[in-house]
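Notes for the one structure printed next.
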Amino acid sequence: DVVETQEHYKSRWRSIWIMHLTMFLSSVGFSIVVMSVWPYLQKIDPTADASFLGWIIASYSIGQMVASPLFGLWSNYRPRREPLVVSTVISVAANFLYAYVHVPHSHNKYYMLIARALVGFGAGNVAVVRSYIAGATSLTERTSAMANTSACQAVGFILGPVFQTCFTLIGEGGVTWKLIRLQLNMYTAPVLFGALLGVINIILIFAIFREHRVDDMGRQCTSINFEEEEVGGLDQDAEGSIDQVAVVSVNFLFFVILFVFAVFETIATPLTMDMYSWTRKEAVLYNGIILGVVGIESVIVFMVVKTLSKKTGERALLHGGLMIVLVGFFILLPWGKKLPNIQWQEIKNNSIPRTTFSEMLMPLWSLEATQLSSNHTAEPTGCPVSQSWCLNTPKIYLAQYISSDVLIGLGYPVCNVMSYTLYSKILGPKPQGVYMGWLTASGSGARILGPVFVSQIYTHMGPRWAFSLICGIVVLSLLVLEIVYKRLIAFSIRYGRMQE
């Protein structure tokens, strides 16, 4: 063991902050085009419909789910700079492809699909980011570093649409650079800006990022991933087996956490349109404001849990976060006798289009997919009679909805940070790339399955069944947490090298 010098400490934390930046840019890469995917798709390929848009949005999570274990495995045996740079280069190239999807004469929608899938593939580097932070921090530093990472990710999701809004000032026409056939407009400028940020990220990785590793007690270790074979294997602290039951349990809990939050994001627009007779424009505006406030609330929570975890411990916070999420969805259950307003116009005039739930299958997109659906002035509002449950399910009051948003916005970030932190501590000093890759993949899978689940249950059976099943899933996760509670301890504590 080597005592850490001041210079090593500074270099280690500079590298960690580069990882925070990488996480921020990864989330910006997803959210910076969410506001404009639907109108841009309609512009470049009129044959594309709402269901294909669902595939385009899902392709990001699918790409990330595939790439995360691969980049994680790569980072276990080679310098982490390699997968970080390669993944960022893929994202930059994918952004340029997105900017040029208007050029081909046909099948433009498929080029957009490929571009978004490659952006998601590049975002698989979050597994490398989290595995590096886990290996470069002591147990006492870990929670704070993981909270900062999640906060950077959340800020990226919030600022992405803000950047997009700024670029709308360029307009649809914009400027065309004929020599290289590049159109700079409100649709392409955001991805080109994202590509620029990616290039800056690559430069900073080469200039500032360095491989560092400390053990659970904060002592400097001389061995890092790609040198371990040369120096005679892992250091003594890495001896011992990982508790696979704890690993699988945290993966399950993380899947549930991301699953229920994806449901929460997806359900916002259709639920408020059905319950409060909001128009598409009103639903987009009001839910955009609500989700923005929830995002800010989440960033504040990320900062608070760093201090709170030192007093209560990660397991207790995870338990409390799941309880808050459970209460948030329980509040959404319909009570009372008043029914929502029924949308009868659809029967009287079949020519009037109605935005169906299938147009809102994906998180975040649900806020934008309806913007250009119709130019009719007589837009029908209320709960469509085609959803038979509208005739007998009580209305969910606005106070219920707002209260639920606040509680879920409080519980989700706590669960997110605590699950990542516990996971990294359970894995211990061994390279965590592959394991972090599986955790990221489980989260990506949840973001794909959550919207599909809620689209089917909500449309055919209504909010009572949808939210009751979600409550049941959260209760199941709480039971799993109770069963494995004593096993969710740090590797060093499990083998008696540190006291809890």
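The values are calculated or read from the model by the stated rules, or taken from the named source; none is laboratory data. Since the structure is predicted, the reported quantities are computational estimates derived from the model, not experimental observations. Counting neighbours? That spans all protein chains shown, and the Cβs are built from the backbone with ideal geometry, glycine included. Protein only, heavy atoms only, side chains kept; ligands, DNA and RNA dropped before computing areas. Shrake-Rupley method; radii C 1.70, N 1.55, O 1.52, S 1.80 Å.
Here are the numbers:
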| item | result |
| --- | --- |
| Residue pairs meeting the criteria (Cβ under 6 Å; at least 6 apart or on separate chains; first at positive phi, in region 322-340; second open to solvent by less than 50 Å² (accessible area, probe 1.4 Å) and part of a loop (DSSP other than H, G, I, E, B)) | Gly336/Pro394 |
| Qualifying positions in region 124-147 - within 16 Å of the chain's Cα centre (by Cα) and open to solvent by 20 Å² or more (accessible area, probe 1.4 Å) | none |
| Which listed residue is of a type outside the set (Val, Ile, Thr), at pLDDT below 90 and in contact with a Phe, Trp or Tyr (Cβ under 6 Å, 6 or more places away or on another chain), from Arg78, Arg130, Arg142 | Arg78 |
| Inter-residue pairs, beta-carbon under 7 Å, first outside the structural domain of Thr149 (by the TED database) and over 20 Å from Gln153 (Cβ atoms) and in region 301-318, second at pLDDT 85 or above and assigned to a helix (DSSP H, G or I), 6+ apart | Arg315/Leu422; Arg315/Tyr485 |
| Of all residues in region 44-54 being crowded, with 17+ Cβ neighbours inside 10 Å and out of contact with any His (no Cβ under 9 Å at 6 or more places or on another chain), the one that is modelled with the lowest pLDDT | Ala50 |
| Count of region 285-316 residues which are surrounded by fewer than 22 Cβ atoms within 10 Å (Cβ to Cβ) and either under 16 Å from Thr140 (Cα atoms) or more than 20 Å from the chain's Cα centre (by Cα) (or both) | 13 |
| Hits in region 162-180 - residues which are loosely packed, with under 11 Cβ neighbours inside 10 Å and closer than 19 Å to Pro104 by Cβ | Trp177, Lys178, Leu179, Ile180 |
| Residues that are open to solvent by less than 20 Å² (accessible area, probe 1.4 Å) and part of a helix (DSSP H, G or I), drawn from region 426-439 | Ile426, Leu427, Gly433, Met436, Gly437, Leu439 |
| Tally, over region 62-85, of residues that are touching a Gly at 6+ places or on another chain (Cβ under 6 Å) and more than 12 Å from Gly437 (Cα to Cα) | 1 |
| Where Trp465 falls short, out of the listed (1) under 22 Å from Gln400 (Cβ atoms); (2) outside any helix (DSSP H, G or I) | (2) |
| Residue in region 358-369 that is modelled with pLDDT under 85 and farther than 23 Å from Ile289 by Cβ present | yes |
| Total residues in region 68-105, condition assigned to a loop (DSSP other than H, G, I, E, B) and open to solvent by less than 10 Å² (accessible area, probe 1.4 Å) | 1 |
| Subset of region 317-326 [open to solvent by less than 70 Å² (accessible area, probe 1.4 Å) and among the hydrophobic types (A, V, I, L, M, F, W, C)] | Leu317, Leu318, Leu322, Ile324, Val325, Leu326 |
| Residues (farther than 18 Å from Pro394 by Cα and modelled with pLDDT under 90) located in region 452-484 | Val452, Phe453, Val454, Ser455, Gln456 |
| Among (1) touching a Leu at 6+ places or on another chain (Cβ under 9 Å); (2) open to solvent by 20 Å² or more (accessible area, probe 1.4 Å) - the single one Thr22 does not satisfy | (2) |
| Any hit, region 37-48, residues being within 17 Å of the chain's Cα centre (by Cα), in a helix (DSSP H, G or I) and touching a residue at least 24 places away in the same chain (Cβ under 8 Å) | no |
| Residue that is in a helix (DSSP H, G or I), surrounded by fewer than 21 Cβ atoms within 10 Å (Cβ to Cβ) and either touching a residue at least 40 places away in the same chain (Cβ under 8 Å) or not aliphatic (A, V, I, L, M) (or both), where the choices are Tyr485, Tyr423 | Tyr485 |
| Hits in region 181-201 (condition: open to solvent by 70 Å² or more (accessible area, probe 1.4 Å) and at pLDDT below 85) | Arg181 |
| Checking Leu410 against (1) in contact with a Phe, Trp or Tyr (Cβ under 8 Å, 6 or more places away or on another chain); (2) at pLDDT 85 or above, the condition it does not meet | (1) |
